[in-house]
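As structure tokens, the structure follows; a few thoughts come after it.
The values are calculated or read from the model by the stated rules, or taken from the named source; none is laboratory data. Quick caveat: nothing in here was measured; it's all calculated off a predicted structure. So basically every Cβ, Gly included, is an ideal-geometry build from the backbone, and we count neighbours across all protein chains shown.
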Amino acid sequence: MISLATPTASAKTDTRFAPARLRRTVLEMAYAGSTVHIACAFSIIELVSVLYRNHLRYPNNDPRAEGRDYLVLSKGHGVMAQYACMHELGWLNDSHIKNYFADGSKLKGLSDSRVVGLEVTSGSLGHGFSVGVGVAMGLKRKGTDQKVYAIVGDGELNEGPIWEGALVAAHHKMDNLMLIVDKNGFQAMGATDDVLALGDLSAKFESFGFETLEVDGHDEATVDAAIRQLWAIGAGKPKALIALTVKGKGVPFMESDNRWHYTRLNAQTYAEAIDALGLPGDSK
Amino acid sequence: MRDAFSNALIQLALSDPKVLLLTGDHGYALFDEFRKRCPEQYINAGIAEQNMVGMAAGLARVGFRPFVYGLAAFIPIRPVEQNKLAIAHDDLPVVLLGDGAGFVYSHLGTSHQSTEDIACTRAIPNLEVLSPADRFEMTACMNYAYSANCPVYLRMGKSDRGDVHVCRIDPLSQGRLLKVRDGRADRPGLIATGSMVRTALEVAQERDLSVWSAPSLKPLSSDDVYAATCASNGLVTLEEHSVLSGLGAAVTEITSERQPTRVLRIGVQDTFSKHCGSHTYLLEEHGLDNQSIIARVDAFFQNATITS
């Protein structure tokens, strides 16, 4: 594994994607819709924050722009984190947030590509990454400089097609593709080490031919620097960013408590969670 | 028929550089000409059908026109969830090509035989299902699959049965039955698909029956099935596929709602092949040889005559 260069300061001036703001939007949606998968969204908040703020290019802020970069959320369970970013970009409005899961509404509990701004239909795991591999292959054939980011969960790495796709990405020298593993250590029914141990992920992806970095997935500056570094090195190789994360990150009573994969908020836990984010104006 | 397939694919690829052929490491001699003439449009995606189908969806998302080739035992079956989610749900123009359908790989056993592929594709929304009977239908189906610009599964069965049409079909009309023989209206009419159209013609010759070919299993024209019902004394469906959820099912779904009619479904009776042997041998094992079919059609007709 290559070592990480000194992190460069990220563009902190853009506060739209501040992690606490994104987490608040997730909580608002989850409470409004009485939904689950809050912890799955919280572990990737800093990852999507850095991607949307500093890396993903959408010409004219158009989520359908032909020349855009692609963010493929293969772990569809984290979709509320992506909705929160789309809300910051103005692609979703307050009504979408307040009416999450209302009858006849369009935003679902898992990624659905018919929602403009989402690139794949996922949630059944192991699907999105292959689509991302195909998009990356297509963009390379077109000779553009567009990039593809695919966020997969560590639990999702149980699925065989991920490894099929990894072979293909390396064989076809897809250096426009970055796999980002949300390594929060949990899957639906327990710790990944207890369910199906993944071993040394960095070594695995390196052996598949990926340029690989392992970083703290909640340190924005580090994540940003790692993404820049991975694009800068290893011509002809796909990239793998192993992001060490905490499931439920940001609200102490949810952190590494796998019940928040499934638990719904009530009035009290909602208020406590909002309070824990420490955003001005939100404290009791 | 396989030449018609290869030629159609080459013509499409030459006329549209966005056409890509993805294969799951199959088609050894079949694609020699394609590889020679369109080498940049040929992708061997490895023995990894699930990833290949997802990848085809990604390629279609950025404007390419993937044709995904493999055995009918694999392409519509193993990645059925990718077919549903990555391709059909998003209505992407990907053509799935399943070769060797039915008992073509008779000596290789169950892993390579496919008598459930129509069932596994027909219930997926947006996905059209084609099953050509001869070289003319093959060319028309390939051109249709390209211009339909939607998800398509094209089933290729036993390819050396000979022609059932006398001239080219241009273009294929969506969902339509093609009449290939006029027979007596007081006897059962035969509706067949794929390799069994040839069988249907041979059986019809013996008993002077009408025959329709169904190159499109989904959609299937309700009006055409209704018309066939009106022009016959009962219907017999023939397919080298399970009688569950295939052509027979599609026909009875229409007749039961529109013109309740006795329908004899001839196909595989919800069972795997028991023995190794030639294609002809396996057809006999499953009661799909001409003599067995004639006996069943006769019994069906006599029963229909008694009860009508």
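Worth a mention:
- Within region B:55-111, the set of residues being among the charged types (D, E, K, R) and either surrounded by fewer than 24 Cβ atoms within 10 Å (Cβ to Cβ) or within 10 Å of chain A (Cβ to nearest Cβ) (or both) comprises B:ARG61, B:ARG65, B:ARG78, B:GLU81, B:LYS84, B:ASP90, B:ASP91.
- Every condition in (1) of a type outside the set (S, T, N, Q); (2) without any contact (Cβ under 8 Å) to a residue 24 or more places away in the chain; (3) out of contact with any Pro (no Cβ under 6 Å at 6 or more places or on another chain) holds for A:ALA65 except the one numbered (3).
- Checked against the criterion of being among the hydroxyl-bearing types (Ser, Thr, Tyr) and in contact with a Ser or Thr (Cβ under 6 Å, 6 or more places away or on another chain), the candidates A:SER34, A:SER49, A:SER43 yield just one match: A:SER43.
- Evaluation of A:SER207 against (1) touching a helix residue (DSSP H, G or I) at 6+ places or on another chain (Cβ under 8 Å); (2) free of Cβ contacts under 8 Å to residues at least 24 places away in the same chain (one fails), failing number: (1)
Okay, residues lined up against (1) in contact with a helix residue (DSSP H, G or I) (Cβ under 7 Å, 6 or more places away or on another chain); (2) part of a strand (DSSP E or B); (3) closer than 22 Å to A:GLY123 by Cα:
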site: A:ASP193; (1), (2), (3): no, no, yes
site: A:GLY199; (1), (2), (3): no, no, no
site: A:TRP231; (1), (2), (3): no, no, no
site: A:GLY250; (1), (2), (3): yes, no, no
site: A:THR263; (1), (2), (3): no, no, yes
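- Meets criteria (in the same structural domain as B:LEU201 (by TED's automatic domain parsing), buried (at least 17 other Cβ atoms within 10 Å of the Cβ), under 16 Å from B:GLN113 (Cβ atoms) and not hydroxyl-bearing (Ser, Thr, Tyr)) for B:GLY246: yes
- Answer from B:LEU264, B:LEU235 - the residue that is more than 19 Å from B:MET142 (Cα to Cα), in contact with a Pro (Cβ under 8 Å, 6 or more places away or on another chain), crowded, with 20+ Cβ neighbours inside 10 Å and touching a residue at least 60 places away in the same chain (Cβ under 8 Å): B:LEU264
- Note on region B:219-232: residues that are buried (at least 19 other Cβ atoms within 10 Å of the Cβ) and either farther than 21 Å from B:ALA185 by Cβ or touching a residue at least 60 places away in the same chain (Cβ under 8 Å) (or both) amount to 1.
- Selection over region A:108-129 of residues that are touching a strand residue (DSSP E or B) at 6+ places or on another chain (Cβ under 7 Å) and either closer than 10 Å to B:LEU85 by Cβ or within 9 Å of chain B (Cβ to nearest Cβ) (or both) gives a count of 5.
- Meeting the requirement of 2 or more residues that are among the acidic types (Asp, Glu) and touching a Gly at 6+ places or on another chain (Cβ under 6 Å), no helices (runs of 4 or more DSSP H) wholly within region B:181-295 can be named.
- Residues of region A:166-181 classified as surrounded by fewer than 24 Cβ atoms within 10 Å (Cβ to Cβ) and away from chain B (no Cβ under 13 Å), total: 2
- Those residues of region A:255-281 which are under 14 Å from A:ALA20 (Cα atoms) and in contact (Cβ under 8 Å) with a residue 60 or more places away in the chain, in sequence order: A:ALA273, A:ILE274, A:LEU277, A:GLY278, A:LEU279
- B:THR139 being β-branched (Val, Ile, Thr) and buried (at least 21 other Cβ atoms within 10 Å of the Cβ): yes
- B:VAL104 being touching a Lys or Arg at 6+ places or on another chain (Cβ under 6 Å), aliphatic (A, V, I, L, M) and farther than 25 Å from B:GLN174 by Cβ: yes
- Residue within region B:258-268 that is in contact with a strand residue (DSSP E or B) (Cβ under 7 Å, 6 or more places away or on another chain) and under 16 Å from B:GLY175 (Cα atoms) present: no
- Taking the listed residues A:GLY132, A:GLY236, A:GLY138, the one that is over 29 Å from B:LYS84 (Cβ atoms) and either more than 14 Å from every other protein chain (Cβ to nearest Cβ) or in a helix (DSSP H, G or I) (or both) is A:GLY236, with no other qualifying.
- Residue list for region A:151-165, filter: away from chain B (no Cβ under 14 Å) and closer than 20 Å to A:TYR70 by Cα: A:ILE151, A:GLY153
- Test result for B:LEU59, in contact with a Cys (Cβ under 9 Å, 6 or more places away or on another chain) and in contact (Cβ under 8 Å) with a residue 24 or more places away in the chain: no
- Filter result (assigned to a loop (DSSP other than H, G, I, E, B) and under 20 Å from B:ALA101 (Cα atoms)) within region B:1-28: B:MET1, B:GLY24, B:ASP25, B:HIS26, B:GLY27, B:TYR28
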